[in-house]
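Asks: Sharing a structure here in structure tokens format.
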2 protein chains.
Amino acid sequence: MSKGRILIVGLGPGPDKWLTPEASEALMVATDVIGYIPYVERLPDRQGQTKHATDNRVEIDRARHALDLAQQGHVVAVVSGGDPGVFAMAAAVFEAVDAGSDADRATDIQVLPGISAMQAAAARLGAPLGHDFCAISLSDNLKPWDVIIRRLKAAAEGDFVIALYNPASKTRPQPIHDAFALLRSLKKPSTPVAFARAVGRPDERILLTTLGEADPATADMSTLVMIGSSETRFIERTGQEPWLYTPRHYGVGL
Amino acid sequence: MSKGRILIVGLGPGPDKWLTPEASEALMVATDVIGYIPYVERLPDRQGQTKHATDNRVEIDRARHALDLAQQGHVVAVVSGGDPGVFAMAAAVFEAVDAGSDADRATDIQVLPGISAMQAAAARLGAPLGHDFCAISLSDNLKPWDVIIRRLKAAAEGDFVIALYNPASKTRPQPIHDAFALLRSLKKPSTPVAFARAVGRPDERILLTTLGEADPATADMSTLVMIGSSETRFIERTGQEPWLYTPRHYGVGL
């Protein structure tokens, strides 16, 4: 029996301070690293370790490649930015297992969690996720747009704080505009909104605004968009950016 | 001006492998550590560092204490299990700031994210959070139960994967029973359910079942309850616990 295995590793949002010891260890022991080009390139070269960097939107090919290598005895790190379990490679690997063979189902697979973009954004902004929230990917590459609409409506109906992943890309600029148009019809214009881009990285950029005043074009593929519940509020501070937080209480004041 | 500050630190679910380097560093430099007894007791004693362990449900007192110490020049680590931004101490600290003075608003505060319980559970189970999801706390200590009902209904309406925090406690055993009764009226009996207790700790216990067959009494205060969307599925394996995952696709098969 092969001693190969797959470690699905969360790299976190970027800086080493957010990389768990478990993930660091996995990157040391892996014979092969598989992932999207920018994530793989971010990692230092290691002797005896082969890097397989591939383009976006080939997640299933990557997963299949990882299973094949593991079955040949390799220790394969499949890397994702953030948490691999949140809109990332873990689901793709299990899709490949589900569609695969008995050998795939018998493969030793371990998922190593990481700090996800919404958590880094929340920490940077204050505590916007301090109460019930939901996370929605605006990418309609793999799901019909009407499912996204249904979920945005439900998120507004439930008065959840909303974390939007994949709000826009160069080839797909429209979703965030459509999402904001819908949310503006369902939530107050004064609802706090944050565009948190590349949090923790040198090109970090934060913009705090409201649903009524936000320009959806602010979001790019590196942006996490946070939209408040009816309770989410700013704390104004002299000479500094306001804090953004959601109280643990609901509808009962402070 | 004081050089005191507050570091709101996420300890993750328990094991050191999930404690970020940033959080480790904060625990080293802090002159004071404030938090709920079991979290504070878990930390090693350090020379020159004072531990202030308090009981549950006094979060605002803890936050006020941290602000006072920081304003006296202390470096205060306010610790939470998991991620302090998710149903934990970060929101409490900002509530205290919001209700506080100009000195409170001028206090240097930094939030250090951590791996939250739903992420550890997801990693342990497979990839149940691989698609849109929401996180709901079933504690009605601070919010009316009808808000929880409204959010559970919306979560079902939106077909989100649902992560339930604080499903039950000794003094509050009922919420998870009421939540399951409601969800059973809204979702299919075959919907996958996982009870993930104390993931990563020696007393970890995992139970995989379905909404129709689940016994809500399985959940205690250390349990994260995961309820699938209509797409969430098990992958059966010979001689091993099934994987649980949610495909990135929606309604289009594999």
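Asks: Nm distances between the label at A:R150 and the same-position labels in the remaining copies, 7 Å along Cα→Cβ, shortest first?
Replies: Once sorted, the set of distances for A:R150 reads 2.3 nm.
Asks: Given +1 on the Cβ of Lys and Arg, -1 on the Cβ of Asp and Glu, and no further charges, what dipole in debye does the protein assembly as shown carry about its Cα centre, rounded to the nearest 20?
Replies: Roughly 300 debye, rounded to the nearest 20.
Asks: Further question on the same structure: What percentages, rounded to whole numbers, describe P(r) for segment A:111-254 computed over all alpha carbon pairs with 5 Å bin width beginning at zero?
Replies: Binned Cα distances yield the sequence 2, 10, 20, 24, 22, 13, 6, 2, 1, 0.
Asks: Right, another one. Can you tell me which aspartates and glutamates have their Cα less than 16 Å from the Cα of A:K51? Leave out same-chain residues fewer than eight positions away.
Replies: Reachable aspartates and glutamates: A:D32, A:E41, A:E59, A:D61, A:D68.
Asks: Stokes-Einstein diffusion coefficient for the protein assembly as shown at 4 °C in a medium of 1.567 mPa s, Rh from the Kirkwood formula over Cα pairs: what value in µm²/s? It would help to have the intermediate numbers written out before the result.
Replies: Working: Rh = 22.9 Å.
The Stokes-Einstein estimate is 57 µm²/s.
Asks: What average count of beta carbons from other chains do you get within 10 Å of the Cβ of residues in A:116-125?
Replies: 5
Asks: Fewest Cβ neighbours within 10 Å first, please rank A:D146, B:D83, B:D104 accordingly. Please list the in-between numbers first.
Replies: Details: A:D146 11, B:D83 29, B:D104 22.
By the 10 Å Cβ count, ascending, the order reads A:D146, B:D104, B:D83.
Asks: Just to verify a number: FRET efficiency for A:D215 and A:E41, C-beta to C-beta distance, R0 = 25 Å, to 0.05?
Replies: 0.20
Asks: Here's something else I'd like to know. Under a point spin-label approximation (7 Å from Cα along Cα-to-Cβ), what is the A:Q174-A:D102 distance to one decimal in nm?
Replies: 4.8 nm
Asks: Taking N as the number of residues in chain A, what is its alpha-carbon radius of gyration divided by 2.2 N^0.38 Å?
Replies: It is 1.09.
Asks: Could you pull the copy-to-copy label distances for B:A106, with points set 7 Å along Cα to Cβ, in nm to one decimal and sorted shortest first?
Replies: The projected label point of B:A106 is separated from its counterparts by 6.9 nm.
Asks: Ranking request for peptides B:209-217, B:33-41: highest mean number of other beta-carbon atoms within 10 Å first, then the rest in descending order.
Replies: Highest mean packing first, the order is B:33-41, B:209-217.
Asks: For chain B, what is the mean residue ellipticity at 222 nm derived from helices alone (per DSSP H run of n ≥ 4: -39500 (n - 2.57); sum divided by total residues; nearest 500 deg cm²/dmol)?
Replies: The helix-only estimate for chain B comes to -9000 deg cm²/dmol at 222 nm.
Asks: Right, here's the next one. So, in Å, what gap is there between the alpha-carbon centers of segment B:225-251 and segment A:191-254?
Replies: If we compute the Cα centre of each part, the gap is 33 Å.
Asks: Just name one of B:V40, A:M28, B:A181: the one whose Cα is farthest towards the positive end of the charge dipole of the protein assembly as shown (beta-carbon charges, Lys/Arg +1, Asp/Glu -1).
Replies: About the Cα centre, the residue reaching furthest to the positive side is B:A181.
Asks: Straight-line reach from A:K188: which lysines have Cα under 24 Å away, leaving out those fewer than 8 places along the same chain?
Replies: A:K153, B:K143, B:K153
Asks: Something else about it: So how compact is segment A:5-115: Cα radius of gyration and Dmax in angstrom?
Replies: 12.6, 39
Asks: Only bridges whose two residues both fall in the protein assembly as shown count here: according to DSSP, what percent of them are antiparallel, nearest 5?
Replies: The answer is about 45 percent antiparallel.
Asks: Could you tell me which residue in chain A puts its beta carbon nearest the axis mapping A onto B, with the distance rounded to whole Å?
Replies: So the chain A residue sitting closest to the axis is A:C134, 2.
Asks: What is the order of A:M226, A:M221, A:M28, A:M89, fewest Cβ neighbours within 10 Å to most?
Replies: In increasing order of surrounding Cβ atoms, one gets A:M28, A:M221, A:M226, A:M89.
Asks: Considering only DSSP beta bridges where both residues belong to segment A:5-115, give the percentage that are antiparallel (nearest 5).
Replies: Working: 1 of 21 bridges.
Around 5 percent of the beta bridges assigned by DSSP in segment A:5-115 are antiparallel ones.
Every number here is computed from the coordinates shown, using simple stated rules; none is lab data. These figures come from a predicted structure and were not determined experimentally. Please note: Cβ atoms are built from the backbone with ideal geometry, for glycine as well, and neighbour counts cover all protein chains shown.
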